[in-house]
Amino acid sequence: MKFNGLNLEQQPLHSFTLQRFQRFQRSPLTLQMKPLPLGFQRQLRQRGIFPPVPPAKILRDSSGKPLRDQNGQALTQSDVTDSKFIEQTELYHQRVAVLAIVESLQSDPHIEFETKLNGETPEGWAQFADAVFEEFEAAGLTTGDLVAICDEICRIGNLLNQDLVREQANFSESIANGSS
């Protein structure tokens, strides 16, 4: 793709310093990050990383009998409170975050993951993400550290629009105050 007759170049790496990583008398952690590629979500799907589907539960009346539609079929509803579904959802988000961080850090010459991908299968990718997460834990990273890194990935990839966040907050305040 060209802009003003010139080829658009690969975006340079962005430096990001995780200041609060000074735990255990370590110096701040500076990462060389790149934005996620345009097809990152497609890559996740191709790798078998999908959000879980909540189980269906049968709707019942006050006496416990199943509610039915005009054809006599039992009515169902997604059960987003199912503990297994919640656990799978948390694991899905964890894997997406880990894979996003790994993708963003691919060009950082100072970062090397001990975990290697064991086969281009959905199971291989899931195991890889889980093992890298364990590496993060062993390195002393916290949930807050991973959130900060993911926020930076979003910022450098223009996935966070501060104007939208600010306007969304203003909109939420007007609803809370009862105005329209």
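Quick note: the coordinates plus some simple rules give every number you see, no bench work behind them. Being a predicted model, the structure only gives us computed values, none of them experimental. Using ideal geometry, Cβ is built from the backbone for each residue, glycine included, and neighbour counts are taken over all protein chains shown.
When the Cα convex hull of the stretch 59-149 is projected onto planes of every orientation, the mean area is 9.9 nm². When the chymotrypsin sites (Phe, Trp or Tyr not before Pro) in the stretch 50-131 are filtered for DSSP coil states and for at most 16 other beta-carbon atoms within 10 Å of their beta-carbon, the remaining sites are Phe113. What would the Debye formula give as log10 I(q)/I(0) at q = 0.15, 0.19, 0.22, 0.24 Å⁻¹ for the alpha-carbon point model of the stretch 89-134, no solvent? Values, matching the q order: -0.36, -0.58, -0.76, -0.88. Distances between placed amide hydrogens fall under 5 Å for Thr76 paired with Leu59, all partners being 5 or more residues away or on another chain.
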